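So the structure is just underneath, and the comments pick up after that.
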Amino acid sequence: MGKIAFVFPGQGAQAVGMGKDIFETNEAAKRIFNRADEALGYSLSSIIFEGPEAELKITYHTQPALLTTSIAYLELFKAKGLLPDYVAGHSLGEYTALVAAGVLSFEDAVRTVRARGEFMEAAVPSGQGAMAAVLGAEREALDMLCRTISSEIGVVELANLNCPGQIVVSGSREGVQALVERGKEIGAKRVIPLEVSGPFHSSLMKPASERLGAVLAGLAMQPANMPVIANVTALPVTEPEAIRQLLIDQVHSSVRWEDSITWLIAQGVDTFVEIGPGTVLTGLIKKIDRTVKVVAINSREAVEQFQ
C-alpha cells in the first residue's frame, strides 16, 4: 500500500465565507474558530465569514485566517481515522503542517502567523516590491535571467517553484517589471504581475525574517510526531531547533514546492490530501505527477464523501 501526505494551502487560497459550513454544523470545528478569536483578542472569524474581502486580503489577517480554517477542516477530517505518513504546507501552510504534526500549539501558531503577516507587510514600503507568475519557462534559464536583471536593474528572484512551467518571481518593482518585459527571451509563454502587498520569499524580506526570529526564539516547540517537509530544503525535518531556523529562512527563501512533492513521491507517497480552502495545491500536484491520487478536503460535503 502507498503512503499518504496531508498538504495545506498558503496565501491566495482565502475566500470570504470559507469554513462557514463546518462552523455552523460541527462543534469541534466551531471550537477552532473560537480559539483563534480568543488567542488574537479580536473576531478573526467575523472577517473570515463576513469579510469584506479587502480586509481578509490584508496579510496579517489572511495568514491566521487560512491556518484557522485549514485546522478546522483537519479537526473534522480526523473522524475518518486516516493518519498521514508526511505533512507539508505551501509557505504559510507550513505552519498548519507544524500544528498537524504536534510541533506548535494551535494558539501559538495563530499568534505567530499574525505577527509574521505584520512583519512581511512592514518589511518593504508599499509599492516598492512586486511579484509575477512566469509560465512556461525552464527554472535554470529563469534563474540566470533573474541574476542578470538583479545585477543591472533591481532585485528579482525565484520565489515559488510551484510545478513544471509555473514559477513565481519576487523582488523590487523595477526588477520584476524588467522580468515581465524580458521573459520571452528565455521562452516564457506569459509573465503575469500578481496583486500582492509585498515581495514575499525574496531577499528583500530579510528584515521580516529577523523580527520573526525574535518571536520564534520564545516559542515552545515539540519534536514532530511525523516528518514535516520544509519549504526551504524540500526535505523532512522533525527537530525543533532545525524547524525554528527553517521558518526564519523560509520568509526570504524560495518555496520549493515542486521539489517537495517530487521527494514525497520518491518515498512512495501516492495519495495527497489537501486540507483547507480552495484547490490550489491539488492543481499543482496534478501538474507535477498525474498518476498520484489527490483529494481536496475543503467543505463539509468533501469530508462526508471521502472514502
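Some observations on this one:
- Residue selection: Ala220 satisfies the criterion of being part of a loop (DSSP other than H, G, I, E, B), among the small types (Gly, Ala, Ser), within 27 Å of Gln245 (Cα to Cα) and assigned by TED's automatic domain parsing to the domain that holds Leu98.
- Test: residue in segment 197-211 that is at pLDDT below 95 and either out of contact with any Phe, Trp or Tyr (no Cβ under 9 Å at 6 or more places or on another chain) or not assigned by TED's automatic domain parsing to the domain that holds Leu98 (or both): yes
- For segment 227-245, the condition holds for no residue, the condition being that it is crowded, with 17+ Cβ neighbours inside 10 Å, in contact (Cβ under 8 Å) with a residue 60 or more places away in the chain and over 29 Å from Glu157 (Cβ atoms).
- Whenever a residue of segment 260-273 is modelled with pLDDT of 95 or more, its partners that are of a type in the set (S, T, N, Q) and crowded, with 23+ Cβ neighbours inside 10 Å, lying with C-beta atoms within less than 8 angstrom and at least six residues away or across chains, give the pairs Ser260/Asn231.
- Some residue of segment 262-278 being more than 30 Å from Asp21 (Cβ to Cβ) and among the hydroxyl-bearing types (Ser, Thr, Tyr): yes
- Residue match in segment 66-87 (condition: within 13 Å of the chain's Cα centre (by Cα), at pLDDT below 95 and not basic (Lys, Arg)): no
- Exclusive hit being farther than 23 Å from Ala230 by Cα and in contact with a Phe, Trp or Tyr (Cβ under 9 Å, 6 or more places away or on another chain), set Ala97, Ala54, Ala79, Ala36: Ala36
- Of all residues in segment 1-54 being within 22 Å of Val295 (Cα to Cα), among the charged types (D, E, K, R) and touching a helix residue (DSSP H, G or I) at 6+ places or on another chain (Cβ under 6 Å), the one that is surrounded by the most Cβ atoms within 10 Å (Cβ to Cβ): Asp21
- Residue within segment 37-55 that is within 20 Å of Arg244 (Cα to Cα) and either of a type in the set (Gly, Ala, Ser) or assigned by TED's automatic domain parsing to the domain that holds Ala266 (or both) present: no
- Test: residue in segment 201-211 that is in a strand (DSSP E or B), touching a Gly at 6+ places or on another chain (Cβ under 9 Å) and in contact (Cβ under 8 Å) with a residue 24 or more places away in the chain: no
- Strands (runs of 3 or more DSSP E) completely within segment 114-181 that count 1 or more residues being of a type outside the set (A, V, I, L, M, F, W, C), assigned by TED's automatic domain parsing to the domain that holds Glu210 and surrounded by fewer than 22 Cβ atoms within 10 Å (Cβ to Cβ): none
- Every residue from segment 1-21 that is within 22 Å of the chain's Cα centre (by Cα) and assigned to a loop (DSSP other than H, G, I, E, B): Pro9, Gly10, Gln11, Gly12, Ala13, Gln14, Ala15, Val16, Gly17, Met18, Gly19
The values are calculated or read from the model by the stated rules, or taken from the named source; none is laboratory data. Remember, predicted model here, so these are calculated numbers, not experimental data. Here Cβ is always computed from backbone atoms with ideal geometry, including for glycine, and neighbour counts include all displayed protein chains.
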